[in-house]
Amino acid sequence: MGFFDFLTEEIAIDLGTANTLIIHNDKVVVDAPSIVARDRISGKIIAVGQEANMMQGKTHENIKTIRPLKDGVIADFDASEQMISLFIKNIPALKKKLFTPALRMVICIPSGITEVEMRAVKESAERVNGKEVYLIHEPMAAAIGIGVDIMQPKGNMIVDIGGGTTEIAVIALGGIVCDKSVKIAGDVFTNDIIYYMRTQHNLYVGERTAEKIKIQIGAATEDLDLPPEDMSVQGRDLLTGKPKQVQISYREIAKALDKSILRIEDAVMETLSQTPPELAADIYNTGIYLAGGGSMLRGLDKRLSQKTDLPVYIAEDPLRAVVRGTGITLKNIPKYKSVLIK
């Protein structure tokens, strides 16, 4: 390997349903929505990431926007591969190179993933010149990214609410002791909002608008300490067909999301009930760590805390916790041998 070492670049990838993040040389060099836009006639990819995201819901019949990942797994193999390779080619440090370097990569995957889906991720990586490809389970990466020492004989509970899946895991001794992966996460929240706007306000809004609502005034509970201001939302009136605007308060969004959040609560409770008693004792002291974009939903920490009677902490920069953890394992592959899946 010696001679080839300087030809090999190391990257860590968090291939998410909603966002893809890549770390190279300890820096987050890619942080973009996992979406591509394809020209229907030529079949070429015309935009990726943020640029493709702007097109979502605004395309004519010759352009199609695709989200290659669904529920945390690759749904469109071809599109995902092109997306990954375009993201890698966009890394500034690799652009200067004469030829594509061989890559050593660590990629994160949901914990509830099957063998076949795992192979799909690996093959995608190998086809974009990944010579050494390691996989790591998302909750594990999140724990490392949060700064938990996962090798200790101590129990820690991680709840990672992403775009496609919510991963809940109890981790000790560098392994996952019990875990649960539920397909209720950011995307479902967005759809809940679309449905609520349709049924309560007769207003048809697109995915991007619903996502904006979620970020601006989304809440998990109706009693917030610092409530956000009301928001005006534009869309199409289902009765008249005309564009219209309505005012929405965070309370309405809390109502819209209530059922989905209940299901996340239940999943957390179920995982706690399967935890061995010694680890449950640890978790009583350490509490629950939240990561992923969904953990930024206002009042979710408070609501989970009331439900479980445990302290709940949100990771700093929760959107990047997973990729940060993935990057840490990349720097020290021998130490994290037990965590990585070859």
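The values are calculated or read from the model by the stated rules, or taken from the named source; none is laboratory data. Since this is a predicted model, take the numbers as computed values, not measurements. Glycine gets a Cβ as well: all are built from the backbone with ideal geometry, and neighbour counts include every protein chain shown. Surface accessibility is based on the protein's heavy atoms, side chains included, excluding ligands, DNA and RNA. Shrake-Rupley method; radii C 1.70, N 1.55, O 1.52, S 1.80 Å.
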- Task: Looking only at the range 116-170, count how many residues are of a type in the set (A, V, I, L, M) and farther than 19 Å from Gly72 by Cα.
- Result: 8
- Query: How many residues are touching a residue at least 24 places away in the same chain (Cβ under 8 Å) and within 18 Å of Ile13 (Cα to Cα) if we restrict to the range 32-86?
  - Reply: 23
- Note on the structure: Selection over the range 252-274 where residues are in contact (Cβ under 8 Å) with a residue 60 or more places away in the chain and surrounded by fewer than 17 Cβ atoms within 10 Å (Cβ to Cβ) yields a count of 4
- Is it the case that some residue within the range 206-220 is hydroxyl-bearing (Ser, Thr, Tyr) and outside the structural domain of Tyr289 (by the TED database)? yes
- Evaluate the range 50-66: report whether one residue or more is touching a helix residue (DSSP H, G or I) at 6+ places or on another chain (Cβ under 8 Å), of a type outside the set (Ser, Thr, Tyr), under 24 Å from Ile109 (Cβ atoms) and surrounded by fewer than 16 Cβ atoms within 10 Å (Cβ to Cβ). no
- Query: Taking the condition open to solvent by 10 Å² or more (accessible area, probe 1.4 Å), touching a Gly at 6+ places or on another chain (Cβ under 6 Å) and of a type in the set (Lys, Arg), does Arg298 pass?
  - Reply: no
- Quick one: which residue in Ile88, Ile41 is surrounded by fewer than 14 Cβ atoms within 10 Å (Cβ to Cβ), of a type in the set (A, V, I, L, M) and at negative phi? Ile41
- Can you spot a residue in the range 88-103 that is in contact (Cβ under 8 Å) with a residue 24 or more places away in the chain, within 18 Å of the chain's Cα centre (by Cα) and not assigned by the TED database to the domain that holds Cys178? no
- Note on the structure: Residue hits (the range 6-31; touching a residue at least 60 places away in the same chain (Cβ under 8 Å) and more than 21 Å from the chain's Cα centre (by Cα)) are Leu7, Thr8, Glu9, Glu10, Asn25
- Can you tell me which of Asp71, Asp78, Asp26 is on the phi > 0 side of the Ramachandran plot and open to solvent by 80 Å² or more (accessible area, probe 1.4 Å)? Asp26
- Query: Applying the selection to the range 252-288, what residues are touching a Phe, Trp or Tyr at 6+ places or on another chain (Cβ under 8 Å), of a type outside the set (D, E, K, R) and within 24 Å of Glu211 (Cα to Cα)?
  - Reply: Ile253, Ala256, Leu257, Ser260
- Can you tell me which residue in the range 91-109 is farthest from Arg127 (Cα to Cα), limited to those that are of a type outside the set (A, V, I, L, M) and at pLDDT 85 or above? Cys108
- Message: With the structure loaded, tell me whether Ala321 is at negative phi, among the aliphatic types (A, V, I, L, M), open to solvent by less than 60 Å² (accessible area, probe 1.4 Å) and in contact with a Lys or Arg (Cβ under 7 Å, 6 or more places away or on another chain) or whether it fails that test.
- Response: no
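Per-residue answers, yes or no, for (1) assigned by the TED database to the domain that holds Lys154; (2) open to solvent by 80 Å² or more (accessible area, probe 1.4 Å):
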position	(1), (2)
Ile194	no, no
Tyr204	no, yes
Tyr250	no, no
Pro276	yes, no
